[in-house]
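Enquirer: Provided herewith is a single structure, encoded as structure tokens, for subsequent inquiry.
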Amino acid sequence: MQNKINIAIDAMGGDNSPKKVIDGIKIALQKNQECFFFLYGARDKIESEIGKDNFFLENCKIIDAKEIILDNESPLVAAKRGEKTSMWKSIESQKLNKTHVSLSAGNTGALLVISRLVLNTINGINKPALAGLWPNNNGMNVVLDLGANIECNEKNLLDFTCMGSALCKSLFNKERPKVALLNVGSEEIKGNEILKKTFDILKKNEIRDFEFCGYIEGNEIMNGNVDVIITDGFTGNIALKTAEGTANFITENLKRSLNKISIIFSYKSLKKFREKLDPRKYNGAIFLGLQGPVVKSHGSTDAVGFAHSIEMCRKIAKANLIEQIKSHLITVDA
């Protein structure tokens, strides 16, 4: 455990857990041995999945937590009885200085509420945001907020800007990420009053940690001209779900439209295309603005997708994301 990145995992959250959690950790350990895993959940079920894998057992510790939060449970109900659950205990481990980052594939609303109750927000931030990764022509964007905050003011959007740029630097080693506000047009006169106020503040401030590139429209998100895209949770969630639906529509229609012969001749191109749109590669959204990093894996992902979220945990913990966010916030005076 010494000099390793300690990751707390809610082993019971999401579909097919704890099996997919165990299998995801095994995939992650094959690629990198920098991490040690604290698994919170039903000990008997976890041990049954692990079996006699000594290498795995050397790299993890099981903490018994038989109570779990259900996917259909309301966040408030989950929070009231949360202290004995695998989700609560995995997040609490950060507060107790046992781990560096927490990961769960469980109930998103409950995870956000419990994370905020246990870890509290960073001084100066009143609304944590949900950030995710989005493929583009040059790699990936960081996009936030993706649904944690339906309504936002300019202060919130400024905080999201600082947090998103810090995350981008942590994950992709971008020295000075390019940041844009999602809007209905690229002209300064477009958008609502909150966007205009945010634009003016970002334009006037001499910001060294990131480059402000103005507005970006929805059809430009995947161009790869910027690194971080900022919006409120209402717009961000709709954009995300639209993009996911479009990607599924394209891949499914390609399968139906191509016959066996054309598939054979186009196999390499189709494989690259499919890998580019594989949602498992972008699995893992991050709650930003808390005193500790919490990563949310998609509940229905498989072991490969879960392994990708583990890699995200490793990167943000190694880059000391929370301290980067705190230093970024100083640079913007709203």
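The values are calculated or read from the model by the stated rules, or taken from the named source; none is laboratory data. Just so we're clear, the structure is a prediction, and the values are computed from it rather than from any experiment. A quick note on method: Cβ atoms are made from the backbone with ideal geometry, for glycine too, and the neighbour counts reach across all protein chains shown.
Enquirer: Quick check: is even one residue across the range 251-262 acidic (D, E), out of contact with any Pro (no Cβ under 8 Å at 6 or more places or on another chain) and modelled with pLDDT of 85 or more? Don't jump to the end; show me each part of the working.
Expert: Taking the range 251-262 and keeping what is acidic (D, E), we get 252.
From what's left, out of contact with any Pro (no Cβ under 8 Å at 6 or more places or on another chain): 252.
Next cut, modelled with pLDDT of 85 or more only: none.
Within the range 251-262 (the criterion being acidic (D, E), out of contact with any Pro (no Cβ under 8 Å at 6 or more places or on another chain) and modelled with pLDDT of 85 or more), the answer is no, since none of the residues qualifies.
Enquirer: While we're looking at this one, here's another question. Just give me the residues in the range 119-137 being in a strand (DSSP E or B) and either on the phi > 0 side of the Ramachandran plot or over 18 Å from the mean Cα position of the chain (by Cα) (or both), in sequence order. Even if it seems obvious, please write down each step before you answer.
Expert: Within the range 119-137, the subset in a strand (DSSP E or B) is 121, 129-136.
Within the range 119-137, none qualify.
Enquirer: A further question on this structure: If you take the residues in the range 263-301 that are of a type in the set (V, I, T) and at pLDDT 65 or above, which one is nearest to V101 (Cα to Cα)? Spell out how you get there, then give the answer.
Expert: Of the range 263-301, the ones of a type in the set (V, I, T) are 263-264, 286, 294-295, 301.
After this cut, where a residue has to be at pLDDT 65 or above as well, the list is 286, 294-295, 301.
On the way: I286: 10, V294: 6, V295: 8, T301: 20 Å.
Result: V294.
Enquirer: Would you mind telling me which numbered condition in (1) surrounded by fewer than 14 Cβ atoms within 10 Å (Cβ to Cβ); (2) over 23 Å from L321 (Cβ atoms) N97 fails?
Expert: Result: N97 passes all but (2).
Enquirer: Checking the conditions here, which among N54, N138 is surrounded by fewer than 15 Cβ atoms within 10 Å (Cβ to Cβ) and either under 30 Å from N192 (Cβ atoms) or aromatic (F, W, Y) (or both)? Walk me through how you get there before you give the answer.
Expert: On the way: N54 fails: either under 30 Å from N192 (Cβ atoms) or aromatic (F, W, Y) (or both).
After applying the criteria, what remains is N138.
Let's see how each residue does on (1) over 22 Å from K318 (Cβ atoms); (2) assigned by TED's automatic domain parsing to the domain that holds K26; (3) at pLDDT 85 or above; (4) not basic (K, R):
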position: K45; (1), (2), (3), (4): yes, yes, yes, no
position: I50; (1), (2), (3), (4): yes, yes, yes, yes
position: F56; (1), (2), (3), (4): no, yes, yes, yes
position: I69; (1), (2), (3), (4): yes, yes, yes, yes
position: S74; (1), (2), (3), (4): yes, yes, yes, yes
position: E83; (1), (2), (3), (4): yes, yes, yes, yes
position: K95; (1), (2), (3), (4): no, yes, yes, no
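Enquirer: May I pose another question? Can you go through I63, I25, I46 and tell me which one is assigned to a helix (DSSP H, G or I), among the β-branched types (V, I, T) and more than 19 Å from the chain's Cα centre (by Cα)?
Expert: That would be I46, the only listed residue that is assigned to a helix (DSSP H, G or I), among the β-branched types (V, I, T) and more than 19 Å from the chain's Cα centre (by Cα).
Enquirer: Could you tell me whether any residue of the range 7-29 is charged (D, E, K, R), touching a strand residue (DSSP E or B) at 6+ places or on another chain (Cβ under 7 Å) and within 29 Å of L146 (Cβ to Cβ)? Please lay out each step first, then the result.
Expert: Taking the range 7-29 as the starting set, the residues that turn out to be charged (D, E, K, R) are 10, 15, 19-20, 23, 26.
From what is left, the residues that are touching a strand residue (DSSP E or B) at 6+ places or on another chain (Cβ under 7 Å) are 10.
Keeping just the survivors that are within 29 Å of L146 (Cβ to Cβ) gives 10.
Yes, the range 7-29 has at least one match.
Enquirer: Evaluate the range 168-191: report whether one residue or more is more than 17 Å from S297 (Cα to Cα), out of contact with any strand residue (DSSP E or B) (no Cβ under 7 Å at 6 or more places or on another chain) and among the β-branched types (V, I, T).
Expert: Taking every residue of the range 168-191 in turn, at least one turns out to be more than 17 Å from S297 (Cα to Cα), out of contact with any strand residue (DSSP E or B) (no Cβ under 7 Å at 6 or more places or on another chain) and among the β-branched types (V, I, T).
Enquirer: Among the residues of the range 107-118 satisfying the criterion of being under 18 Å from the mean Cα position of the chain (by Cα) and of a type outside the set (V, I, T), which is surrounded by the most Cβ atoms within 10 Å (Cβ to Cβ)? Spell out how you get there, then give the answer.
Expert: Narrowing the range 107-118 to residues under 18 Å from the mean Cα position of the chain (by Cα): 107-116.
Remaining after also requiring of a type outside the set (V, I, T): 107, 109-112, 115-116.
On the way: N107: 25, G109: 18, A110: 25, L111: 29, L112: 19, S115: 27, R116: 21.
Going through the qualifying residues, I end up with L111.
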